[in-house]
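Worksheet: the structure to be examined is printed underneath.
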Amino acid sequence: MSQVIEGNLDASGFKFVVVLARFNGLITDRLLTGAMDALKRSGAKRNNIEVVKVPGAWELPLAVKTIADVKKPDAIIVLGAVIRGDTPHFEHVANQAAIGVAQAGLASGIPVAFGVLTTNTMEQAIDRSGGKSGNKGYDAAITAIEMADLLRKLRK
Ligand code: INI
């Protein structure tokens, strides 16, 4: 019989930091609502949740790196919304956010859940932040809880 190790969804024993990009705040506020809902429903204590805000998705990687180094939470939930415009700026911001957050997370050993939307339209972003396609902030927080528990088990 093989042993299966996986994380549970009990958040009560963990500290979380949510890092939120304010750009497209109509969307990122909805992602934050979803993430907080998931954390609270899963038993996270109010005092164990911190929210850190940065101007835009470009700024997320450095914030994640610094939070991981200084605050050392059990998991970090990254929220942002990059919505395509008429210029290549979108590509730079979306790529930097994805690659930089992944690098910062891996280097730290702390689970980082990626709840940054990259969409072609505002409508698609609304759909994914509490509209007909769910709430990616909620999903990212659930992933963060599971990974925090998994990492604790693997390190025992
Ligand atoms: N930041 C976002 O979070 N989403 C976007 O869609 C976006 N666009 O498209 O410009 C965006 N730009 C700002 C960027 O993240 C930085 O804050 C800015 O470049 C200053 O460093």
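The values are calculated or read from the model by the stated rules, or taken from the named source; none is laboratory data. None of these values were measured; they are calculated from a predicted model. Here the Cβ positions follow ideal geometry from the backbone for every residue, glycine too, while neighbour counts run over all protein chains shown. Accessible surface areas use protein heavy atoms only, side chains included; no ligands, DNA or RNA. Shrake-Rupley method; radii C 1.70, N 1.55, O 1.52, S 1.80 Å.
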Only one residue in Val64, Val93, Val78, Val82 is within 12 Å of the ligand (Cβ to nearest atom), crowded, with 20+ Cβ neighbours inside 10 Å and within 24 Å of Lys153 (Cβ to Cβ). Which one? Val78
Can you say whether Leu39 is outside any helix (DSSP H, G or I) and either farther than 20 Å from Glu6 by Cα or touching a residue at least 24 places away in the same chain (Cβ under 8 Å) (or both), as far as the supplied structure shows? no
Considering only the range 4-22, I want to know if a residue exists there that is without any contact (Cβ under 8 Å) to a residue 40 or more places away in the chain and within 14 Å of Gly115 (Cα to Cα). yes
So which residues in the range 13-47 are open to solvent by 40 Å² or more (accessible area, probe 1.4 Å) and away from the ligand (no atom under 16 Å from the Cβ), if there are any at all? Gly13, Lys15, Thr33, Met36, Asp37, Lys40, Arg41, Lys45, Arg46, Asn47
Residue by residue through the range 126-156, note down the ones that are more than 21 Å from Lys71 (Cα to Cα), open to solvent by 30 Å² or more (accessible area, probe 1.4 Å), under 13 Å from the mean Cα position of the chain (by Cα) and not aromatic (Phe, Trp, Tyr). Lys136, Asp139
Among the residues of the range 16-29, are any part of a loop (DSSP other than H, G, I, E, B) and out of contact with any Gly (no Cβ under 9 Å at 6 or more places or on another chain)? no
Yes/no for Glu123 being touching a Phe, Trp or Tyr at 6+ places or on another chain (Cβ under 8 Å), more than 10 Å from the ligand (Cβ to nearest atom) and open to solvent by 80 Å² or more (accessible area, probe 1.4 Å): no
Restricting the range 100-115 to residues that are away from the ligand (no atom under 14 Å from the Cβ) and in a helix (DSSP H, G or I), the one most open to solvent (accessible area, probe 1.4 Å) turns out to be Leu106
Have a look at Pro55, Pro88 and point out the one that is near the ligand (Cβ under 8 Å from one of its atoms) and surrounded by fewer than 18 Cβ atoms within 10 Å (Cβ to Cβ). Pro55
